[in-house]
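One structure is given below, encoded as structure tokens.
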Amino acid sequence: MKGTLVALAVWIGLAATPASVTAESGETTRELNGTRITYLYSSGRSYNVSFEEAGVSYRYLTGSKPDAWWGPFPYQAMRVGPGVYFLSWFEKGYGDHVTLLVDFGKRILFGSALIAGDEVHFHQAKIVDAVRP
């Protein structure tokens with residue numbers, strides 16, 4: 001009985017997954033190169049990120065050095081739906097690991113980060129501006 005419930009839960013989870021997510025996920029892409037995004041988290045933090053072949057760079061607009069660019073850091077991205085990307089990077093030397101789910105169509109972004117190895121960031125953001133090639 002227990003095994004049947006687990007199998008049913010997995011099947012329901014897979015059936016509830018939009019086809020666009022399962023159809024496009026799995027392969028990394030460089031489609032974000034040349035893209036710049038400015039976003040504002042529900043926590044009040046604001047960032048400007050730029051994607052290039054060399055990596056992702058960003059400015060922490062509400063931090064103590066809003067004009068300073070950090071990076072580039074190598075990143076990986078997957079297109080998981082039309083205009084929807086799942087991406088991640090690690091900031092070697094700083095210990096920060098960032099993961100974003102970006103939906104250009106809905107102009108929202110979900111961010112999760114482990115900052116300096118001990119602070120957890122987990123927030124939704126509104127995309128204020130996006131420039132794509």
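What to note about this one:
- Paramagnetic label zone (point 7 Å from Cα along Cα-to-C-beta, S88; backbone N under 19 Å) in the stretch 100-124: 100-103, 109-124
- Bridgeable aspartates and glutamates around K126 (alpha carbons under 20 Å apart, same-chain partners fewer than 8 residues away excluded): D103.
- Straight-distance crosslink candidates among aspartates and glutamates, where the alpha carbon sits under 17 Å from K92 and sequence neighbours closer than 8 are dropped: D118, E119
- The calculated FRET efficiency for the pair T28 and L61, based on their C-beta separation and a Förster distance of 25 Å, comes to about 0.35.
- Stretching the chain fully between L101 and A130 yields a gain of 9.0 nm (0.36 nm per residue, less the alpha carbon separation).
No value in this document is a laboratory result; all are computed from the given coordinates. Keep in mind that this is a model prediction, so the values were computed, not measured. Ideal geometry is used to build each Cβ from the backbone, glycine not excepted, and the neighbour counts take in all protein chains shown.
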